[in-house]
Structure formats: structure tokens, C-alpha cells
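Step one of this worksheet: look at the structure below.
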Amino acid sequence: MDYQKVIDRIHGELLELWGQGKVADYIPALAKVNPRQFGIALITLDGQEFLSGDAGVCFSVQSISKVFTLAMVTRHIGDGIWKAVGREPSGNPFNSLVQLEHEQGFPRNPFINAGALVVTDRLISLYPHPKDAILEFVRGLCGNDDIYYDKEIARSELDHADRNMALAYFMKSFGNIENDVDILLDVYCHQCAISMSCEDLARAFLFLCNRGTNPLNGEQVLTVSQAKRLGALMLTCGFYDESGDFAFRAGLPGKSGVGGGIAAYIPGNLSVTVWSPELNRHGNSLIGMEALERLTTDIGNSIF
Ligand code: GLU
């Protein structure tokens, strides 16, 4: 399979979709990003790398970080996390408060904001220096010590975190948040502001592609069963209220972020990350979704 040819062709074809989406602007620092960028990085488990467009440009991973924090917490408390957060698709926007009231502060899944806040809260309880621990974990996954928080984006998100604060306080009132909400929001806004390229992210997701073991250094990050579960959650919940549509179109476990990135993989085969900042109305990269649909169609491979 000539992956380079496939991704270069997709890159060329997608340029006609510029302008159909909109960059996230509820975090002011994100609104400053040049919308007309597109990158794709595809890395096979046997170590071949294929890059196209802006695959080396760093961007804000936003909600893709929720996979990293869930993996970190799962390593420590395993199934214990499911006492605090569910694992069903929400069918609601990423920052919805409505469902939480019905479900008494127990978020539907770890990838909507409420669920991710609970996961980060438990991470804070587990690690004395959570922000350092997150960076160290992510650097280890992708083998790049040059991964940092984008301080401007973290600050901007913290300054506009009213909705996430509301979610956290609401869950605390039900006893589902253990730590101080200000500390929780500081760590959460930093994890969302991790700055990585498509190439870094495609490497960082290789451990999931490889049943929990990082092929870059042989480290077992998660057990086979934990990796299976994380992948299943990405497939069913990774794209908010568009998760079903992404599974239908691309047929891959994946996770999106409002920075315009999408990390996805074919188990036992390859990891692929796309990035394009213009979002559709569900908060997922418009061109990124299209690129992954075309990729799995063109290569005739997905998880199905
Ligand atoms: N930092 C974003 C927020 O909490 C994450 C949302 C996303 O990437 O979907 O609003």
C-alpha cells in the first residue's frame, strides 16, 4: 500500500473544503490560529512514517488529552474509575450541563467535559505534581521530550472556564469531585493546552494500536484488556454527539479536540492523526473527519 500517495492525494482534494467550518472561538487564544492548515501523519506499527501538509506543526490537542489522562488514571485505579464516570455515548454537546442534573453528577463518559473533569480530579489525587506527570507521560508515549503546555492557551482557557467550573462545582455538590475546583480547572486547562504535532500524536497513540504496549520502547502502558476498553470508548464516545457518525464514516476508534486535531488508529496496523482547525457544528474538525473517511475508504481498511 502506497500510503504516501494516498495521503498526498487526500491532502490535495480537501483544499476545496476550506472555509466551510469555523475555528473554535470560545477560547480566544484558539481563535487566533490560521484556519487554512491541514496536516496528516500516518505511522505503521512496523515503524514506517508518512507525513503530508502541516504534519510537523504543533497545535493545541484539547480534548485528545482526555485519552492520556484516562490512560494514566486507569493504570493506577483500573476499574475503580467506573464508580465515578459512565461509559455510554452521551448524544449531547461536549460541555452540556443538562444530562448531569438528571444523572446526579455522574457523567455519561470520560470524553465529555464533565467526565474528563472527574478523570483529571482523580489524577490530581494520585499524583503530587499532576501537570509534570501528564507531560512526562505524554513525552514518554511519543518519545519526544520537547512537548510543552502552550501557556497562552492554558491562560486563555482558564480565563473563560465558566462552563467547566459550573460542571465541576455541580459534580462536587454530588460528592463526585475530590479536589479544590480551582486546582482542578488549572490542571484541566493545561492538559487541553498541550502542544503537539500530528507526527507526535500519531506516535503517542501507537501503544493503543499495539494492544497497550508502546512499540517505540517496549513499555506496557496498559494491559491488553484496558487498551481494548479505551479503544471501545474512543469508538463510541470520542466525537461527542457525532460519535456514531464518525464510526459510520471512518470506522475507526478516534478522539477529536476543538483545536482541530483527530487521533485515530487501526488496531494492530497503523496510527493516524489529522489536523485542520476549522470545526463543524459538533466541534469536530470538518476536514479532519472527511480526511479519515477518505483514508479508510481509499485503503480499504478500518476496524470493520
Ligand atoms: N478545552 C476544551 C473545553 O474544555 C476541550 C473541548 C474539546 O476539545 O472538545 O472546553
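Just one of the listed residues (GLN62, GLN20) is within 16 Å of the ligand (Cβ to nearest atom) and in contact with a helix residue (DSSP H, G or I) (Cβ under 7 Å, 6 or more places away or on another chain), namely GLN62.
Give the residues of segment 241-294 that are among the aromatic types (Phe, Trp, Tyr) and surrounded by 24 or more Cβ atoms within 10 Å (Cβ to Cβ), sorted by residue number. Walk me through how you get there before you give the answer.
We begin by selecting, within segment 241-294, every residue among the aromatic types (Phe, Trp, Tyr); these are 246, 248, 265, 275.
Result: PHE246, TYR265, TRP275.
Mind checking which residues of segment 129-155 are of a type in the set (D, E, K, R), under 18 Å from ARG203 (Cα atoms) and assigned to a helix (DSSP H, G or I)?
Initial filter on segment 129-155 (of a type in the set (D, E, K, R)): 131-132, 136, 139, 145-146, 150-152, 155.
Applying the additional criterion that residues be under 18 Å from ARG203 (Cα atoms) yields 136, 139, 145-146.
Across segment 129-155, the qualifying residues are GLU136, ARG139.
Taking segment 143-174 as the range and being out of contact with any helix residue (DSSP H, G or I) (no Cβ under 9 Å at 6 or more places or on another chain), closer than 13 Å to TYR26 by Cα and open to solvent by less than 100 Å² (accessible area, probe 1.4 Å) as the test, no residue passes.
Could you please find all residues in segment 295-304 being of a type in the set (A, V, I, L, M, F, W, C) and open to solvent by 10 Å² or more (accessible area, probe 1.4 Å)?
We begin by selecting, within segment 295-304, every residue of a type in the set (A, V, I, L, M, F, W, C); these are 295, 299, 303-304.
Passing the criteria: ILE299, ILE303, PHE304.
Residues in segment 139-174 that are in contact with a strand residue (DSSP E or B) (Cβ under 9 Å, 6 or more places away or on another chain) and away from the ligand (no atom under 16 Å from the Cβ): CYS142, ASN144, ILE147, TYR148.
Please go through segment 88-117 and give me each residue that is hydrophobic (A, V, I, L, M, F, W, C) and either more than 13 Å from the ligand (Cβ to nearest atom) or surrounded by fewer than 21 Cβ atoms within 10 Å (Cβ to Cβ) (or both), ordered by number.
Those that are hydrophobic (A, V, I, L, M, F, W, C) and either more than 13 Å from the ligand (Cβ to nearest atom) or surrounded by fewer than 21 Cβ atoms within 10 Å (Cβ to Cβ) (or both): LEU97, VAL98, LEU100, PHE106.
Taking each residue of segment 131-160 that is in contact (Cβ under 8 Å) with a residue 24 or more places away in the chain and looking for partners that are open to solvent by 60 Å² or more (accessible area, probe 1.4 Å) and hydrophobic (A, V, I, L, M, F, W, C) with beta-carbon atoms closer than 7 Å, six or more apart or interchain, yields GLY143/LEU216. For LEU70, the conditions (1) away from the ligand (no atom under 16 Å from the Cβ); (2) in contact (Cβ under 8 Å) with a residue 60 or more places away in the chain; (3) in a helix (DSSP H, G or I); (4) not acidic (Asp, Glu) all hold with the exception of (1).
The values are calculated or read from the model by the stated rules, or taken from the named source; none is laboratory data. Note that the structure is a prediction, hence the values are computed from the model and not measured. Because the Cβ atoms are built from the backbone with ideal geometry, glycine has one as well, and the counts that use them run over all protein chains shown. What goes into the accessible areas is simple: the full protein's heavy atoms, side chains included, and nothing from ligands, DNA or RNA. Shrake-Rupley method; radii C 1.70, N 1.55, O 1.52, S 1.80 Å.
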